[in-house]
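The values are calculated or read from the model by the stated rules, or taken from the named source; none is laboratory data. None of the values given here were measured: they were computed from a predicted structure. For neighbour counting, all protein chains shown are included, and Cβ atoms are generated from backbone atoms with ideal geometry for every residue, glycine included.
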Amino acid sequence: MQKRKVRVLIAEDEEHIRSLVSLFITQLGAEVVAEAGDGLQAVSMYKQHNPDMVMLDINMPKLDGIAVLKQIMEINPRALVVMLTSLNAREVVKECIDHGAWNYILKDASAEELFKEIKTTWSDYMTEISRSEKS
Amino acid sequence: MPNPIDSSAAMLRAQQMLQQMRVNYIAELPERIDELEQLTLALKQGDSFEAQFEELYRKTHSLKGTAGTYGMQMISTVCHELEEALERIADAPGKADDQFLDRCIAYFDLMRQVVEGARRGQAAFPEIESALGAMRSDIIGNNISALLVEPSRVNAALYTGMLKGLPVKISIVDSGCSALEMLLRNHFDLLITGYETSALNGLALIAALRLNNGINKDIRAILLTSKKNLVIPSVAQPVTVLERINVSATLVSEVQDFLQKKQ
């Protein structure tokens with residue numbers, strides 16, 4: 001039986017970071033179903049595509065990442081959201097985790113480190129999925 | 001169930017594509033620097049200062065992040081200095097005066113020099129670093145930037161309260177590892193760290209900075225500890241050790257001493 005690819009929404013206003021995350025996610029075997037450049041688009045695309053995972057930037061125009069996170073969690077309380085953040089936003093990250101974000105990735109690392117972070121998060125996610133399917 | 005990860009050779013493939021993305025990124029940098037400059041100049045006009053400031057700050061922060069990711073660390077460092085300059089005018093449109101604008105323009109010129117250097121294949125930028133150092137001492141004057149590494153929020157609040165009123169801008173992180181990440185990327189004048197910090201203890205943090213030939217190699221370091229007779233390895237020297245039990249009496253005078261020597 002052919003297994004389907006994990007479907008990911010990337011919400012990040014910085015095009016260069018979006019491209020990188022998209023590249024890495026794709027290399028890990030997932031499918032990027034949509035890319036949003038601001039918070040409003042992110043919510044709209046989440047409703048439209050119902051992805052398995054959301055990679056969500058905190059600092060975005062129109063609607064910031066925390067507000068987007070809250071709306072997504074209202075739509076789907078089991079949504080799997082990974083925050084993309086920078087080093088000096090750790091307090092905000094804690095707030096995101098309190099609001100239901102599953103994990104976070106530091107995006108102001110080098111591209112190589114970013115890839116490792118995404119890969120680690122990805123492995124954790126796959127472990128989580130197979131555990132929940134067994135139980 | 002979704003497909004499992006196929007990560008074999010994924011990084012290799014990604015790196016090949018990344019190479020081209022880096023070239024494209026550097027090619028677009030002049031345009032982004034021009035945009036920041038225009039936004040900065042618009043601040044002086046004073047119309048909708050708050051919205052313009054927010055956009056400028058967000059774009060500066062964004063450039064700082066992407067530059068680091070794409071291996072342009074010096075652009076990231078200049079952006080950090082620009083961010084700090086912006087933070088000083090955040091609450092007052094009137095502060096965006098000619099002197100402020102000249103300083104920002106100097107940052108943009110430094111960024112352009114970095115881009116030119118990168119295009120020629122230059123990897124290190126000592127001349128930019130020293131220009132930044134000169135601007136820093138000029139801009140900061142008596143004000144210093146300090147990083148406080150303290151896992152306890154109560155203690156962090158206590159120490160920042162003690163230093164309130166002194167011309168010190170304090171950033172706080174809660175682990176040694178986070179502190180090291182920040183210190184390898186951004187300049188600080190003073191490090192105040194607990195010894196008992198998670199992920200990397202305070203002494204190891206200071207030693208790592210001394211061993212690394214980075215921007216904070218010679219940072220003034222104050223170590224707070226509840227241990228008596230803590231042995232300080234030579235690799236971490238110089239460091240001022242303050243016992244936590246006496247810190248209310250000693251921390252402020254240490255920082256004041258530092259400020260005086262810096263003048």
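Below, the figures for the structure above:
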{"item": "Looking only at the stretch A:78-96, and only at residues there that are in contact (Cβ under 8 Å) with a residue 12 or more places away in the chain and out of contact with any helix residue (DSSP H, G or I) (no Cβ under 8 Å at 6 or more places or on another chain), the one that is nearest to residue B:19 (Cα to Cα)", "result": "A:89"}
{"item": "Filter pass, residue B:54 being assigned to a helix (DSSP H, G or I) and out of contact with any helix residue (DSSP H, G or I) (no Cβ under 8 Å at 6 or more places or on another chain)", "result": "yes"}
{"item": "Boolean, residue B:26 is at pLDDT 90 or above and within 14 Å of chain A (Cβ to nearest Cβ)", "result": "yes"}
{"item": "Residue list for the stretch B:50-66, filter: of a type in the set (A, V, I, L, M) and touching a residue at least 24 places away in the same chain (Cβ under 8 Å)", "result": "B:56, B:63"}
{"item": "In the stretch B:224-246, the residues that are free of Cβ contacts under 8 Å to residues at least 24 places away in the same chain, in contact with a strand residue (DSSP E or B) (Cβ under 8 Å, 6 or more places away or on another chain) and of a type in the set (Ser, Thr, Tyr)", "result": "B:240"}
{"item": "Odd one out for residue B:107, checked against (1) among the aromatic types (Phe, Trp, Tyr); (2) surrounded by fewer than 20 Cβ atoms within 10 Å (Cβ to Cβ); (3) modelled with pLDDT of 90 or more", "result": "(2)"}
{"item": "Complete set of residues in the stretch B:38-82 that are crowded, with 19+ Cβ neighbours inside 10 Å and charged (D, E, K, R)", "result": "B:64, B:81"}
{"item": "Any hit, the stretch B:148-162, residues being surrounded by fewer than 21 Cβ atoms within 10 Å (Cβ to Cβ) and more than 23 Å from residue B:245 (Cβ to Cβ)", "result": "no"}
{"item": "Residue count, the stretch B:62-83 (criterion: on the phi < 0 side of the Ramachandran plot and within 11 Å of chain A (Cβ to nearest Cβ))", "result": "15"}
{"item": "Conditions (1) part of a loop (DSSP other than H, G, I, E, B); (2) surrounded by fewer than 23 Cβ atoms within 10 Å (Cβ to Cβ); number of the one not met by residue A:91", "result": "(1)"}
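For (1) within 29 Å of residue B:123 (Cβ to Cβ); (2) of a type in the set (Gly, Ala, Ser); (3) out of contact with any Asp or Glu (no Cβ under 9 Å at 6 or more places or on another chain); (4) assigned to a helix (DSSP H, G or I), each residue gets a yes or a no:
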site	(1), (2), (3), (4)
B:76	yes, yes, no, yes
B:81	yes, no, yes, yes
B:84	yes, no, yes, yes
B:94	no, yes, yes, yes
B:99	no, no, yes, yes
B:102	no, no, yes, yes
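Residues are listed down the side, and each one gets a yes or a no for (1) crowded, with 16+ Cβ neighbours inside 10 Å; (2) of a type outside the set (Phe, Trp, Tyr); (3) under 14 Å from residue A:118 (Cα atoms):
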site: A:18; (1), (2), (3): yes, yes, yes
site: A:53; (1), (2), (3): yes, yes, yes
site: A:68; (1), (2), (3): yes, yes, no
site: A:98; (1), (2), (3): no, yes, no
